[in-house]
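Step one of this worksheet: look at the structure below.
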Amino acid sequence: MDDVNKKEMLDRFSTFEKRFTELQEDFGSLKKYLVQLVEENHQLAHENHHLKQRIEALQHDQREQKGLKDKTESNQPIGEGYDNLARIYEEGFHICHVYFGTPREEEDCMFCLKFFG
Ligand SMILES: [Zn+2]
């Protein structure tokens with residue numbers, strides 16, 4: 001093998017090595033992105049599930065109120081709706097108007113706490 005060929009081979013090899021490194025980096029960031037997407041998807045599914053439950057509870061409350069309205073003009077029963085919100089809060093979701101329905105992390109939220117009085 002003459003010197004020209006050797007040099008060409010070395011050049012090609014280092015080009016290949018560079019591409020390989022770039023591919024590895026691309027792959028790494030794609031993988032990171034995928035993990036983020038999976039986590040985000042999981043969180044959204046969780047949030048969605050709770051919001052659906054919340055809507056069902058609200059619809060349930062509304063139906064009950066409609067039923068009661070015919071009989072009496074008295075105050076709506078605050079018990080059940082209040083309990084639902086307290087439970088949602090305990091399960092780690094905001095019930096305040098500021099962050100309603102979003103995950104609460106570990107800390108208490110002062111807006112939510114206001115709701116409990
Ligand atoms: Zn809150």
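Among GLU56, GLU107, GLU64, the largest mean-square fluctuation in a Gaussian network model of the chain (Cα springs under 10 Å) belongs to GLU107.
Computed with every protein chain present, the accessible area of SER29 is close to 70 Å² [probe 1.4 Å].
Structure remark: mean-square fluctuation, Gaussian network model of the chain, C-alpha springs under 10 Å; the largest value among ASP11, ASP26, ASP83 belongs to ASP11.
For the chain, modelled as a GNM whose springs connect Cα atoms under 10 angstrom apart, the maximal fluctuation among LYS18, LYS31, LYS66 occurs at LYS18. How tilted is helix 79-90 with respect to the longest principal axis of the chain? Cα atoms for both, answer in degrees (0 to 90, nearest 10). In the chain, helix 79-90 runs at an angle near 20 degrees to the longest axis. Roughly how far apart, in whole Å, are the Cα centres of the range 84-117 and the range 8-30? With the range 84-117 and the range 8-30 each reduced to a Cα centre, they are spaced 50 Å.
Note on LYS52: aspartates and glutamates with a C-alpha under 19 Å away, same-chain residues under 8 apart excluded, are GLU40, ASP61, GLU64, GLU80, ASP83, GLU90, GLU91.
Each Lys and Arg Cβ is given +1 and each Asp and Glu Cβ -1; about its Cα centre, the chain then shows a dipole of about 360 debye.
The values are calculated or read from the model by the stated rules, or taken from the named source; none is laboratory data. Being a predicted model, the structure only gives us computed values, none of them experimental. Don't worry about glycine lacking a Cβ; one is built from the backbone with ideal geometry, like all the others, and counts go over all protein chains shown. For accessibility, only protein heavy atoms count, side chains too; no ligands or nucleic acids. Shrake-Rupley method; radii C 1.70, N 1.55, O 1.52, S 1.80 Å.
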